[in-house]
Amino acid sequence: MTNLNREMKLGAFFMIPGHHVVAWRHPKAEAQNVMNFDFIKRLAQTAERGKFDMIFLADGYSIKGKDQKALGQTVNTLFEPFTLLSALSSVTKHIGLAGTVSTTFNEPFNVARRFASLDHLSGGRAAWNVVTSNTESEARNFNLEKHLLHSKRYERAEEFVDIVTKLWDSWEDDALIIDKESAQFADASKIHAIDHKGKWFSVEGPLNISRPVQGHPVVIQAGSSEAGKELAARTAEVIFTAWQTLEEAQAFYADVKGRMAKYGRSPEELKIMPGVFPVIGRTEEEAEQNKRFLEEIIPEEAGVQLLSAMISVDLSGYPVDGPLPDLPDLEQVNGGKSRFQLLKDLAERENLTIRGLYQSIAGARGHREISGTPEQIADQMQEWFENGAADGFNIMPPYLPGGLEDFVDLVIPILQERGLFRTEYTGNTLRENLGLKRPANTLIHHVKETI
């Protein structure tokens, strides 16, 4: 049953100069501007013109792969999210600013302080995409020989998120007084230490910045493994996830939302936004040509390296036009478990060769690829939105700026005409635009209970 007042939420997932593994080769991609702020500013303002809820930046802490030829064929340069989002906060007014930060290679105090700072700078538009990281190459850049086990990464992440939210609550909303006559800048009784001592962290607090505008910046989670779903059900307010079929997306949607009650949460407190890679054409034939062109410009080495990284198995020694080798059991995988399973299932379901599989995922990286006319793109999004598979979508343009401009100019007006998407921003903060409540300060309640 469709809620007539329900509108889908949209994220603009910026991967510069586009999501396709060789987007930079597209004739219309502005690859020369990959490190140009004015270009990214233009993209952000285009997304805001389209009334997107948020800009979303992924992140990683190493280059992708060791193959020298593939390294030269792919984009391995990207801005650190906080620096870029802080700059974008000054040239946008409404759109949310979501950045990825790993709980494995950071400390809770620093992360809490940075997101509180971004929330204040942007007037309440910050969001944290919580990841645990999943590659050995990242671990080796942080004094580790091996990555933490998957279960340990999530155990650490749970404690990390708890500490960050306590630190955001360490200042009460009205702690700042700034009374010059009485010489009182703040009410010290409304600033609280958190005195956290756990398995992974010991943090005294309080934070040395006042409570964020949103109370808590919006917490996003991207894992779809068992541990990831449990973490999301307890802590996340948005999930970015990857599914190929309506049935898979519906099952995930029902599963995660069904876990929330045991944490005292209602399903409306969590927005599930699968990734979508739209290949748009004025006609079906043009869309199909655009899709084929992207597949044809993938260098073999780059495709194999991308697929190897995503399934945590080195495929460089196998025939590219042969099948996947026997893959390890899911329990043996210490990388991204949900993406490994998704790609393994896709290869088996469609009987794909290594080349066929990397061509299938070189743009969307396991997320859903939809192609067609603007009306057909809107139809496919509407089907998932109205049938218990999604609360919205994270849009992954194939190349930039054209892929984003086409979505804003051609698809969004159709969604608006159908009453599926806003025509104007209605809230002042990201939390308000997403339809999420401002969280109560749980630390105050705890302090009062222990007095």
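Annotations
- Exactly one residue out of GLU295, GLU348, GLU288 is charged (D, E, K, R) and without any contact (Cβ under 8 Å) to a residue 60 or more places away in the chain: that is GLU348.
- Residues of the range 46-83 classified as within 18 Å of SER117 (Cα to Cα) and touching a Gly at 6+ places or on another chain (Cβ under 8 Å), total: 6
- Sole residue being surrounded by 22 or more Cβ atoms within 10 Å (Cβ to Cβ) and either aromatic (Phe, Trp, Tyr) or not in a loop (DSSP other than H, G, I, E, B) (or both), chosen from PHE82, PHE39, PHE56: PHE56
- Count of residues meeting criterion [open to solvent by 40 Å² or more (accessible area, probe 1.4 Å) and outside any loop (DSSP other than H, G, I, E, B)] in the range 59-79: 4
- Of the residues making up the range 183-242, just one is charged (D, E, K, R), closer than 26 Å to ALA98 by Cα and surrounded by fewer than 16 Cβ atoms within 10 Å (Cβ to Cβ), namely GLU226.
- Residue check for VAL333: among the β-branched types (Val, Ile, Thr), under 24 Å from SER102 (Cβ atoms), touching a His at 6+ places or on another chain (Cβ under 8 Å) and open to solvent by less than 50 Å² (accessible area, probe 1.4 Å): yes
- Selection within the range 384-416 - outside any helix (DSSP H, G or I) and aromatic (Phe, Trp, Tyr): PHE393, TYR399
- Looking across the range 99-155 at every residue that is over 19 Å from GLU237 (Cα atoms) and of a type in the set (A, V, I, L, M, F, W, C), the one that is least open to solvent (accessible area, probe 1.4 Å) is identified as ALA139.
To keep it simple, each residue is scored yes or no on (1) open to solvent by less than 40 Å² (accessible area, probe 1.4 Å); (2) within 22 Å of SER225 (Cβ to Cβ); (3) at pLDDT below 90.
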| site | (1), (2), (3) |
| --- | --- |
| PRO319 | no, no, no |
| LEU352 | yes, no, no |
| ARG355 | no, no, no |
| GLU369 | no, no, no |
| ALA389 | yes, yes, no |
| GLY403 | yes, no, no |
| LEU410 | no, no, no |
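- Pairs meeting the criteria (first residue in the range 304-320 and under 15 Å from ALA362 (Cα atoms), second residue open to solvent by 20 Å² or more (accessible area, probe 1.4 Å) and basic (Lys, Arg), beta carbons under 6 Å, at least 6 apart or on different chains) are ALA309/LYS64; MET310/ARG339; VAL320/ARG355.
The values are calculated or read from the model by the stated rules, or taken from the named source; none is laboratory data. Given the structure is predicted, the values throughout are model-derived calculations rather than measurements. In this analysis, Cβ positions are derived from the backbone assuming ideal geometry, glycine residues included, and neighbour counts consider all displayed protein chains. What goes into the accessible areas is simple: the full protein's heavy atoms, side chains included, and nothing from ligands, DNA or RNA. Shrake-Rupley method; radii C 1.70, N 1.55, O 1.52, S 1.80 Å.
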